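Just so you know, all these numbers are worked out from the coordinates, no wet-lab data involved. Owing to the predicted nature of the structure, the values given are computational and were not obtained by experimental measurement. Positions of Cβ are generated from backbone atoms using ideal geometry, with glycine treated the same way; all protein chains shown enter the neighbour counts.
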Amino acid sequence: SRSASSFHRPCVDTARSNEENADINWDDLGFGLVPTDYMYVMRCSRDDKFSSGVLNRYGNIELSPSAGVLNYGQGLFEGLKAYRKQDGGGFLLFRPEENACRMQSGAERMCMPSPSVEQFIHAVKETVLANKRWVPPQGKGSLYIRPLLIGIGPVLGLAPAPDYMFLIYAAPVGTYFKEGLAPINLVIDDKIHRATPGGTGDVKTITNYAPVLKAQTQAKTKGFTDVIYLDSINKKYLEEASSCNLFIVKGDVISTPATIGTILPGVTRKSIIEIAIDSSYRVEERLVSLEDLFDADEVFCTGTAVVVAPVGSITYQDQRYEYKTGTETVTQKLYNILTAIQMGLGEDRKNWTVEI
Ligand code: COI
């Protein structure tokens with residue numbers, strides 16, 4: 001088996017990672033896994049702190065069959081992106097400290113030690129630089145960065161694992177949905193719920209995602225892009241879609257479900273709220289009912305992977321509701337402002353981007 005010392009041996013092949021661009025078809029990127037060169041790995045025990053990590057070749061990791069993450073789902077993930085600046089000017093991360101802080105609060109909920117904000121950002125930068133030939137050319141997509149924090153130590157009875165791994169890998173991506181930038185078609189599932197009060201809906205734990213695969217698979221079979229979940233008590237307030245937050249637009253008012261425990265506090269969600277307020281829209285974080293949804297002019301989804309996705313239709317109990325989409329929408333305006341900042345094409349007045 002792989003010894004701890006060999007696992008921690010840095011092995012960056014600088015010649016290879018210095019190539020300008022990997023030899024792939026950049027026009028063909030979706031959101032599938034394109035393996036890259038290196039992953040960042042850092043380990044610590046339960047009562048300790050993370051200290052230093054290393055870059056290893058991207059590849060399989062060895063885990064005990066009784067690892068906490070495999071048996072009891074003790075794991076968190078994050079998602080952020082690096083964009084290549086124009087004219088070979090380096091790379092931009094978008095608000096990485098937000099992901100670092102969210103991982104810290106999630107770790108507290110999941111009884112895990114977590115990297116400091118500085119360690120997290122340092123590790124993200126190292127991962128991007130080691131894989132820089134995989135950051136798509138401007139306009140072709142981004143490098144999606146996936147930090148994981150998992151309990152790797154063995155457990156049999158239910159308890160926090162004795163040891164943890166913080167790992168980051170990355171993959172070049174284009175648009176998340178198969179529709180590309182075109183409007184998506186959602187369906188409301190009123191039987192399967194994503195989260196419950198007191199649960200972990202507001203934490204980026206891996207265990208929030210597998211439970212919605214069934215609803216997502218059923219929806220895709222029927223031709224829908226994804227699923228909207230409702231609150232589990234009243235079954236009439238919007239929560240989110242399988243992989244992203246939801247917004248509705250009515251006139252000059254933009255509303256989104258308030259983060260009251262069952263909603264994932266998305267970094268894109270938070271940024272869009274700020275951009276909308278700066279653009280003189282009224283933003284309401286509140287309970288958003290089905291009636292509000294059916295009455296809306298526009299609906300859009302936000303997420304790191306999804307960015308800002310316009311919703312063309314929503315189906316609820318076989319009734320289809322259609323929404324305004326296209327270049328003259330509030331959705332498009334917010335998308336343009338956000339992506340210009342993320343790609344380094346617009347003024348970053350709030351200092352959201354971090355240059356590498
Ligand atoms: C992201 O948007 O980065 C996420 O973590 C959602 C994931 C299901 C792709």
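Sequentially through the stretch 103-118, phi angles give Karplus couplings (6.51, -1.76, 1.60; θ = phi - 60°) of 5, 5, 6, x, 5, 4, 5, 9, 6, 10, x, 9, x, 5, 4, 5 Hz, Gly and Pro residues having no value and appearing as x.
With a 10 Å Cβ neighbour count serving as the proxy for reagent exposure, in which order, fewest first, do 133, 286 appear?
286, 133
Once the Cα-Cα distance is subtracted from the 0.36 nm per residue extended length, the residue 33 to residue 354 segment shows a gain of 113.1 nm.
Hey, for a label at residue 117 modelled as a point 7 Å past Cα toward Cβ, could you say which residues of the stretch 324-356 have their backbone N under 17 Å away? Taking a point 7 Å out along Cα→Cβ of residue 117, the residues of the stretch 324-356 whose backbone N falls under 17 Å are 350-355.
Would you calculate a helix-derived [θ] at 222 nm for the chain, using -39,500 (n - 2.57) for each DSSP H run of n ≥ 4 and dividing by the full residue count, to the nearest 500? It would help to have the intermediate numbers written out before the result.
Values: 9 runs with 82 residues, N = 356.
Value at 222 nm, helices only: -6500 deg cm²/dmol.
Give the separation of the Cα centroids, the stretch 69-137 to the stretch 212-226, in Å. When both Cα centres are located, 29 Å separates them. Loop-resident trypsin sites (Lys or Arg not before Pro) (DSSP state other than H, G, I, E or B) in the stretch 164-216 with no more than 12 further Cβ atoms inside 10 Å of their Cβ: 178, 191. Under 24 Å of direct C-alpha separation, and excluding same-chain neighbours fewer than eight residues apart, residue 191 reaches these lysines: 204, 214, 220, 222, 235, 236.
Where both partners of a DSSP beta bridge lie in the chain, what percent of those bridges are antiparallel, to the nearest 5? Please list the in-between numbers first.
Working: 54 of 67 bridges.
Restricted to the chain, the bridges split so that about 80 percent are antiparallel.
When you count the other C-beta atoms within 10 angstrom of each residue and take the mean per peptide, 257-266, 218-227 line up highest first as 257-266, 218-227.
Size of the chain from its Cα atoms: along the principal axes, largest to smallest, the extents are 60, 54, 37 Å. Simple spin-label estimate for residue 319 and residue 214 gives 2.7 nm between the two label positions (7 Å along the Cα-to-Cβ direction from each Cα). The modelled label-to-label distance for the pair residue 339/residue 258, using points 7 Å beyond Cα in the direction of Cβ, is 3.3 nm. Checking every one of the GluC sites (Glu not before Pro) in the stretch 59-150 against DSSP loop status and a limit of 13 other Cβ atoms within 10 Å picks out 62. Under the criterion of Cα pairs below 8 Å and six or more residues apart, the relative contact order for the stretch 58-170 equals 36 percent. Phi-derived couplings, Karplus 6.51 cos²θ - 1.76 cosθ + 1.60 at θ = phi - 60°, listed residue by residue for the stretch 272-281: 5, 4, 5, 5, 5, 5, 4, 8, 6, 8 Hz, with x used for Gly and Pro. Over the stretch 209-356, Cα pairs under 8 Å with separation of 6+ residues give a relative contact order of 18 percent.
List the aspartates and glutamates whose Cα lies under 15 Å from the Cα of residue 125, skipping any in the same chain that are fewer than 8 positions away. Straight-distance partners of residue 125: 37, 78, 97, 98, 355.
3J(HN,Hα) couplings calculated from phi for the stretch 214-226 with the Karplus curve 6.51 cos²θ - 1.76 cosθ + 1.60 (θ = phi - 60°) are, in sequence order, 5, 4, 5, 5, 4, 5, 5, 4, 8, x, 7, 6, 6 Hz; Gly and Pro show x.
At 0.36 nm per residue, minus the direct Cα-Cα distance, what do residue 58 and residue 190 gain on full extension? Give it in nm, one decimal, please.
43.5 nm
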